[in-house]
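Here the structure is laid out as structure tokens; the discussion comes afterwards.
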């Protein structure tokens, strides 16, 4: 099972992710947790995937906290999917693109209960008061529906709901690093540490959460300014607008790649020339 959670504003982005899943992993069901959208848009979305499950919910809009609430939305369907379907579940942010089959990643969930990209050196201060706000990147979270995996998801959901209901700030900017994070990512690591020793954890390889768009990566993550890079723009257009995809490829992408390759070749020749010069003189 693959899962994402969005409101109506980001449904178009989620549709691109869903289409990429339909192409590369059609055997996996897709669960779309959709907030404050319409039945019409739900009907339109169903054509994007042969096995799409949509849960449409209504939430009171709170402009001050909305971004944080949507970041935390993943915990609600995550627990529901694990408890209801008892399937290995992969959560992804809506700005992801699947670039290849996910057999390897789902294969890991036969052995491990939790896979998340891990940055042990990070000490970003979060809204929860710890410096664990960026040790995990919650853009991709894989959980096995083992007893401990479901217990982990249940505690993750409980802790987030409790924090939100308390009225406390959901997101925080660490001024030292100029990084803004929300409690969903911070609590993911905090709760993992509480389960450490009981839960089988493996750091998620970079190729399954890659914001550098390497050609051999399996999941591209268009976070922040990375979403403007030509590789990512072109990959998204392949699912949203074929005419613009070909136009962008001819006018922008191919010339840019040619310039990059020529520059790389020139650098290689310069280095080779320097080596020969050093050897001779």
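The values are calculated or read from the model by the stated rules, or taken from the named source; none is laboratory data. Computed from a predicted structure; not experimentally measured. Glycine also receives a Cβ, built like all others from the backbone with ideal geometry; neighbour counts cover every protein chain displayed.
You will find that of 63, 100, the residue that is over 23 Å from residue 177 (Cα atoms) and at pLDDT below 95 is 63 and no other. Is one or more of the residues making up segment 86-102 assigned to a loop (DSSP other than H, G, I, E, B), without any contact (Cβ under 8 Å) to a residue 60 or more places away in the chain and under 26 Å from residue 235 (Cβ atoms)? No - not one qualifying residue is present in segment 86-102. Just name the residue that is surrounded by the fewest Cβ atoms within 10 Å (Cβ to Cβ) out of those in segment 84-98 that are over 22 Å from residue 231 (Cβ atoms) and in contact with a helix residue (DSSP H, G or I) (Cβ under 8 Å, 6 or more places away or on another chain). Restricting to residues being over 22 Å from residue 231 (Cβ atoms) and in contact with a helix residue (DSSP H, G or I) (Cβ under 8 Å, 6 or more places away or on another chain), the top hit is 87.
Check whether at least one residue in segment 26-46 is at pLDDT 95 or above, part of a helix (DSSP H, G or I) and under 20 Å from residue 157 (Cα atoms), and report yes or no. Scanning segment 26-46, I find no residue that is at pLDDT 95 or above, part of a helix (DSSP H, G or I) and under 20 Å from residue 157 (Cα atoms), so the answer is no.
Of the residues making up segment 210-229, those that are outside any loop (DSSP other than H, G, I, E, B) and either in contact (Cβ under 8 Å) with a residue 60 or more places away in the chain or under 15 Å from residue 143 (Cα atoms) (or both) are 219, 220, 221, 227.
Return yes when residue 117 is in contact (Cβ under 8 Å) with a residue 12 or more places away in the chain and over 22 Å from residue 220 (Cα atoms) and no when it is not. Considered against the rule, which asks whether it is in contact (Cβ under 8 Å) with a residue 12 or more places away in the chain and over 22 Å from residue 220 (Cα atoms), residue 117 comes out as no. If you check 59, 66, which single one turns out to be farther than 20 Å from residue 140 by Cβ, buried (at least 16 other Cβ atoms within 10 Å of the Cβ) and more than 16 Å from the chain's Cα centre (by Cα)? Of 59, 66, the one residue that is farther than 20 Å from residue 140 by Cβ, buried (at least 16 other Cβ atoms within 10 Å of the Cβ) and more than 16 Å from the chain's Cα centre (by Cα) is 66. Out of the residues in segment 164-188 that are without any contact (Cβ under 8 Å) to a residue 12 or more places away in the chain and assigned to a loop (DSSP other than H, G, I, E, B), which is farthest from residue 74 (Cα to Cα)? This residue is 175. The set of residues in segment 47-74 being in a helix (DSSP H, G or I) and closer than 21 Å to residue 171 by Cα consists of 66, 67, 68, 69, 70, 71, 72.
Tell me yes or no: at least one residue of segment 241-250 is outside any loop (DSSP other than H, G, I, E, B), within 30 Å of residue 64 (Cβ to Cβ) and either modelled with pLDDT under 95 or touching a strand residue (DSSP E or B) at 6+ places or on another chain (Cβ under 9 Å) (or both). Within segment 241-250 (the criterion being outside any loop (DSSP other than H, G, I, E, B), within 30 Å of residue 64 (Cβ to Cβ) and either modelled with pLDDT under 95 or touching a strand residue (DSSP E or B) at 6+ places or on another chain (Cβ under 9 Å) (or both)), the answer is no, since none of the residues qualifies. Scanning segment 54-69 for any residue that is in the same structural domain as residue 127 (by TED's automatic domain parsing), in contact with a strand residue (DSSP E or B) (Cβ under 6 Å, 6 or more places away or on another chain) and closer than 26 Å to residue 104 by Cβ turns up nothing. Answer yes or no: is there a residue in segment 193-202 that is within 19 Å of the chain's Cα centre (by Cα) and either part of a helix (DSSP H, G or I) or modelled with pLDDT under 95 (or both). No, every residue in segment 193-202 fails to be within 19 Å of the chain's Cα centre (by Cα) and either part of a helix (DSSP H, G or I) or modelled with pLDDT under 95 (or both). Taking segment 185-209 as the range and being touching a strand residue (DSSP E or B) at 6+ places or on another chain (Cβ under 7 Å) and under 13 Å from residue 135 (Cβ atoms) as the test, the residues that pass are 185, 188, 189, 192, 201, 203, 204. The single condition from (1) closer than 23 Å to residue 126 by Cα; (2) part of a helix (DSSP H, G or I); (3) free of Cβ contacts under 8 Å to residues at least 40 places away in the same chain that residue 207 fails is (1).
The set of residues in segment 103-129 that are outside any loop (DSSP other than H, G, I, E, B), touching a strand residue (DSSP E or B) at 6+ places or on another chain (Cβ under 7 Å) and within 24 Å of residue 147 (Cβ to Cβ) comprises 105, 108, 114, 115, 116, 118. Taking the criterion of being in contact with a strand residue (DSSP E or B) (Cβ under 7 Å, 6 or more places away or on another chain) and in a loop (DSSP other than H, G, I, E, B), the residues of segment 130-139 that qualify are 133, 134, 135.
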